[in-house]
Amino acid sequence: MGTCISVEQFRRFAALPGSDRLRLLQAALVVAAVRLALWVLPFRWVCARVDARKAVLPRTGAAPAGRWAWAVRVASRRIPGASCLTQALALQWLLARAGQSARIHIGVAKQGARGFEAHAWLESGGEILIGDDRPLEGFMPILTLPADAS
């Protein structure tokens with residue numbers, strides 16, 4: 001996971017429609033901000049700020065939730081330490097600004113010799129948008145951050 005981009009990656013970015021380039025840049029800023037916040041601030045405080053997102057900035061343009069999820073996944077590849085929780089919080093914030101509700105689930109699972117493992121995933125409209133990169137049936141949800149859109 002390097003932070004430098006190649007000429008080919010820059011060309012692919014430049015070839016994207018303008019709306020996707022803007023969405024990707026917005027996602028990168030939000031993922032980086034959430035990552036930094038989770039690193040230096042208490043989790044409860046970060047969650048409260050994500051929940052207060054409506055008052056912070058104007059709404060983003062309406063776009064399918066899948067496009068926002070794509071942007072968060074792509075941006076997260078360039079943000080060191082952008083965990084599943086970072087991605088889920090960032091996507092929930094972006095979707096809420098777009099007027100779409102989403103719910104973050106945080107679960108734990110016993111993973112054999114590795115002990116306990118935690119995982120976060122985001123669900124919107126009955127579909128998992130972030131965090132479905134591993135089987136979720138082994139994870140027992142212990143916390144759900146409510147859906148909110150306005």
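All of the numbers you see were taken from the coordinates with simple rules; none came from a lab. Here the structure is a predicted model, which means the values were calculated and not measured. All Cβ positions, even for glycine, are placed from backbone atoms using ideal geometry, and neighbour counts span all protein chains on display.
Please compute the net charge surrounding GLY131, taking Lys and Arg as +1 and Asp and Glu as -1 over other residues with Cβ under 14 Å from its Cβ.
After counting each charged neighbour, the total is -3.
Kindly provide the pair-distance distribution of segment 7-145 built from C-alpha pairs, with 10 Å bins from 0 and whole-percent values in order of increasing distance.
Reading the bins upward from 0: 12, 42, 34, 11, 2.
Might you report the magnitude of the Cβ-based charge dipole of segment 7-145 about its Cα centre, with Lys and Arg at +1 and Asp and Glu at -1, to the nearest 20 debye?
Taking the Cα centre of segment 7-145 as origin, the dipole is about 460 debye.
Starting from the amide H of LEU129, placed 1.01 Å from N in the peptide plane, find each other amide H under 5 Å away whose residue is 5 or more places distant or on another chain.
LEU122, GLU123, SER124
Can you tell which of PRO17, GLY115, THR144 lies farthest toward the positive end of the dipole of segment 7-145, using +1 and -1 charges on the Cβ of basic and acidic side chains (Lys, Arg; Asp, Glu)?
Selected residue: PRO17.
Mind ranking 121-133, 95-107, 33-45 by how tightly packed they are, going by the mean number of other C-beta atoms within 10 angstrom, highest first?
Answer by packing, highest mean first, reads 95-107, 121-133, 33-45.
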